[in-house]
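The numbers here are math on the coordinates, done by the rules we state, and not lab data. Predicted model, so just to flag it, every value in this text is computed and none were measured. Neighbour counts are summed over all protein chains in view; Cβ atoms, including those assigned to glycine, are modelled from backbone coordinates with ideal geometry.
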Amino acid sequence: MPLTRHAQFQLLFPDEPAFRWNQIESSFFSSAKNWSEVTAIPSAMRERLSPIPWMSVELVQMQVSKNGDTHKALLEVDGGKEIETVLMKNPRGAWTICVSSQVGCAMRCGFCATGKMGLTRSLISDEIVDQYRFWGDYLLTYNLQPKTFVPLRISNIVFMGMGEPLANYEAVKESLNTLLAHTDLGKTRITVSTVGVLPRLEQILTDQDWPHVRLAVSLHSAIAQTRKQIVPTSYDDFLPKLEDWAKRYLTKFGNRRHHLTFEYVMLKDVNDTPAHAKALALFVNRIGHVRVNLIPYNLTGVEFECSEDSAIKQFLAALEDRHVTTTRRRTMGSDIAAACGQLRDRYKTRDLATCESPATSST
Ligand code: SF4
């Protein structure tokens, strides 16, 4: 695991006051392109810092959807490992980015390409933050070309890429605090999505340094047997424990702007029946201020299939009939395999002959 830039700075300059690092960290979010442009610090310090990589991620491959609303990058991190990150146009006329928190994932969700890879390592906070910086640079580069103008603003970040964010708790927390300190993103514009790592969810309740960004729990079923089929690492008593935790979380932090979201990937004949809708509605109504987000499944080639459109509509209506606030996620980037893990998979199997030219290719 590489050392963070901050740790390397502390090794080089153990006696520097804390404000010095803050000056340096601000420069990562400025127009500076390398250490030599960080004019807020003495030139001798810049020289000693120069061996430290300015960016911890490097573009390997880019795919752009035909309609241009989804851009997906395969990035290399230290040790030649690869992660994915996605840029998506959002209804605000700005951009949402989806970031990875680990190389691979240990959670083995049956519907997920990343889950098939297993866990290689967790990312350090710089590697998470630099996915935001990468897309910031990318948008600026596009703006230099009037014909391909895209709005520059990243208005939202979702931690829904490769990896389980709460299995990399400290680095994710550090990245959240860095992003909140140095960008214009507020806490309600960032969502951390978790499969439900209960010890870390408990920690969030009392951790003074955890910034209360939005949380989304990947529920996928309120019936224990079905959830275990979809998320094999699920504990036997996960659902009652999650219910108990969610009630305490909402008592402590819930308000009009702060709710919990349950993500629910729609899998044909697995979790999309009327019995599953009823169980989900009962579960949600016992908890309170929860929204359900139905996700049409967009990956093929594994053991699950996406629910029929009619089944999704019926499922949604059954939840609304029981007064559950429900949304259906827009399907984006299906022509470029935008589900996490797919781009890396295809690249590894050399199935991307049309994507030879990074940042310009379109499939
Ligand atoms: S869905 Fe998320 S938690 Fe589950 S295996 Fe994939 S990356 Fe990991």
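Calculate how large, on average over all directions, the projected area of the Cα convex hull of the range 69-116 is; give the answer in nm² to one decimal.
On the way: hull surface 17.3 nm².
Projected area, direction-averaged: 4.3 nm².
To the nearest ten degrees, helix 18-27 and the longest principal axis of the Cα atoms of the chain are 80 degrees apart. Over all pairs of different C-alpha atoms, the range 169-287 has a mean inverse distance whose reciprocal, the Kirkwood radius, equals 15.4 Å.
Subtract the Cα-Cα distance of residue 275 and residue 153 from 0.36 nm times their separation in residues, and report this length gain in nm to one decimal.
Details: separation 122, 0.36 × 122 = 43.92 nm, distance 4.23 nm.
Result: 39.7 nm gained on full extension.
Put in line by how crowded their Cβ is, counting other Cβ atoms within 10 Å and starting with the fewest, 166, 198 read 198, 166.
Quote the FRET efficiency, to the nearest 0.05, computed for residue 258 versus residue 314 with a Förster distance R0 of 30 Å and r equal to the Cβ-Cβ distance. Could you put the intermediate results ahead of the total?
Working: r = 30 Å, r/R0 = 1.01.
So the FRET efficiency works out to roughly 0.50.
Between residue 303 and residue 59, what is the FRET efficiency for a Förster distance of 35 Å, r being their Cβ-Cβ separation, to the nearest 0.05? Numbers along the way, then the final one.
On the way: r = 32 Å, r/R0 = 0.93.
For R0 = 35 Å, the calculated efficiency reads 0.60.
Please compare each pair in 173/268; 228/313; 228/268; 187/247; 247/268; 33/72 to a cut-off of 26 Å on the Cα-Cα distance and tell me which ones are over it. If you can, show how the numbers build up before the last one.
Details: 173/268 35 Å; 228/313 24 Å; 228/268 16 Å; 187/247 21 Å; 247/268 30 Å; 33/72 23 Å.
Long pairs (Cα-Cα over 26 Å): 173/268; 247/268.
The residues 158, 38, when put in order of fewest to most other Cβ atoms within 10 Å, stand as 158, 38. Counting every alpha-carbon pair across the chain, the share separated by more than 36 Å comes to 23%.
Would you work out the charge dipole size for the chain about its Cα centre, treating the Cβ of every Lys and Arg as +1 and the Cβ of every Asp and Glu as -1, and quote it to the nearest 20 debye? Working shown, then result.
Details: 42 positive and 39 negative charges, 189 e Å.
Once rounded to the nearest 20, the dipole reads 900 debye.
What is the magnitude of the charge dipole of the range 1-144 about its Cα centre, with +1 placed on the Cβ of each Lys and Arg, -1 on the Cβ of each Asp and Glu, and no other charges, expressed in debye to the nearest 20? Walk me through the numbers on the way to the answer.
Numbers: 14 positive and 15 negative charges, 93 e Å.
That gives a dipole near 440 debye.
I need the calculated FRET efficiency for the pair residue 322 and residue 36, taking r as the beta carbon distance and R₀ as 56 Å, to the nearest 0.05.
With a Förster radius of 56 Å, E is 0.40.
When the charge dipole of the range 219-332 is built from unit charges on Cβ atoms (+1 for Lys and Arg, -1 for Asp and Glu) and taken about the Cα centre, the candidate among 289, 229, 312 whose Cα reaches farthest toward its positive end is 289. Sorted into 5 angstrom bins from 0, the C-alpha pair distances of the range 219-332 split as 2, 12, 22, 24, 20, 13, 6, 1, 0 percent.
With both partners inside the chain, how many of the DSSP beta bridges are antiparallel, as a percent to the nearest 5?
Details: 23 of 49 bridges.
Percentage antiparallel, nearest 5: 45.
Simple rule: put +1 on each Lys or Arg Cβ and -1 on each Asp or Glu Cβ in the chain, find the dipole, and look at 273, 215, 168; the Cα lying farthest toward the positive end is 273.
Compute, for the range 219-332, the length of the dipole vector about the Cα centre, with Cβ point charges of +1 (Lys, Arg) and -1 (Asp, Glu) only. Units Debye, rounded to 20.
Result for the range 219-332 is approximately 680 debye, rounded to the nearest 20.
Model label sites at residue 207 and residue 15, defined 7 Å from Cα along the beta-carbon direction, differ in position by 3.5 nm. Structural size metrics of the range 1-44, computed from C-alpha coordinates, are Rg and Dmax of 10.7, 30 Å.
Fewest Cβ neighbours within 10 Å first, please rank 182, 276 accordingly. It would help to have the intermediate numbers written out before the result.
Working: 182 18, 276 21.
Lowest count first: 182, 276.
The base-10 log of I(q)/I(0) for the range 1-132, evaluated at q = 0.14, 0.17, 0.21 Å⁻¹, reads -0.77, -1.01, -1.25 [Debye formula, identical scatterers on Cα atoms, solvent excluded].
Taking the longest Cα principal axis of the chain as reference, the axis of helix 274-287 is set at about 60 degrees. Tell me the net charge near residue 160. Cut-off is 12 Å between Cβ atoms, residue 160 excluded, with +1 for each Lys or Arg and -1 for each Asp or Glu. Here the charged neighbours net out to -1. Averaging Cα coordinates gives a centre for the range 176-199 and one for the range 70-93; these two points are 17 Å apart.
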